[in-house]
Amino acid sequence: MPVASSGLARQARDQARQILSNPPFSSPRNRSPLTRLFHDLGQWLYDVVGPVWRFLVHHLFHPVHVGLSAAFGSWWPVALGAIILVVAVAVGMALGRRRARVGVGGPRRVAAGRGEDPDGLDAAAVAAERAGDYALAVRLRFRAGLLRLEHVGLISGGRTHTSSQLAGVLHSPTFDSLARQLDVIVYAGVPAGAEDAGAARQGWPLVPGEARRAVPAGTGASPSVPAGVGGGAGTGTHRGGDASPGHP
């Protein structure tokens, strides 16, 4: 009996030693370099992020969970999802309005000192084209075109309008195309080419005539953007600021 008990004990110890020598109780002895890399990276992330995560869980997530559970009971996940959705929509709308602003405070190095002179902006656009900066040429011509529309009374000055407002007032297919062209270059980051600069150069002279033809017969009035209207891609036509065009 003692011999049998000793054999069973030895067998149990051998089994325990074998179990403890394998994962997850111990690391493999012959790990590949890639395995060691991921193991060390995971350990580093645990050491760095772990305390921060535990702090957030203890001081933020857990109190929020307790508060929502007390207020909404088992419906707290729905309430949390609604709050996140509202915040996301609000942030998205704010960013959308900010991105949609087509400010007119672009590169000062080109238009500084030219004031609100459309001809000066056109001259700067020609220089930009010759230098191969077609995106700048498009933006300068956009600014010059807006100023000319303002000078002939087709749009009102003194405030920042939006391209969608102007498109709805001018009813000019050419302006719509030029506004889309500017959005693609500035927002989408599509590189401008010589054809874009040429389209801006040839298109802007057509806009005033199209806008005048869009005025209902017999009204005797030129279209103007009503004050206080918001929304859309902002197109600044205010005076006294930087005279070069661009998106903020």
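The values are calculated or read from the model by the stated rules, or taken from the named source; none is laboratory data. Note that the coordinates shown come from a computational prediction; the quantities given were computed from them, not determined experimentally. Here the Cβ positions follow ideal geometry from the backbone for every residue, glycine too, while neighbour counts run over all protein chains shown.
Worth pointing out:
- Only one of 139, 143 that is in contact with a Gly (Cβ under 6 Å, 6 or more places away or on another chain), surrounded by 18 or more Cβ atoms within 10 Å (Cβ to Cβ) and not β-branched (Val, Ile, Thr): 139
- Failed item in (1) within 28 Å of the chain's Cα centre (by Cα); (2) surrounded by fewer than 16 Cβ atoms within 10 Å (Cβ to Cβ); (3) at pLDDT 80 or above, with residue 164 passing the rest: (2)
- Checked against the criterion of being of a type in the set (D, E, K, R), out of contact with any helix residue (DSSP H, G or I) (no Cβ under 7 Å at 6 or more places or on another chain), in a helix (DSSP H, G or I) and at pLDDT 85 or above, the candidates 195, 210 yield just one match: 195.
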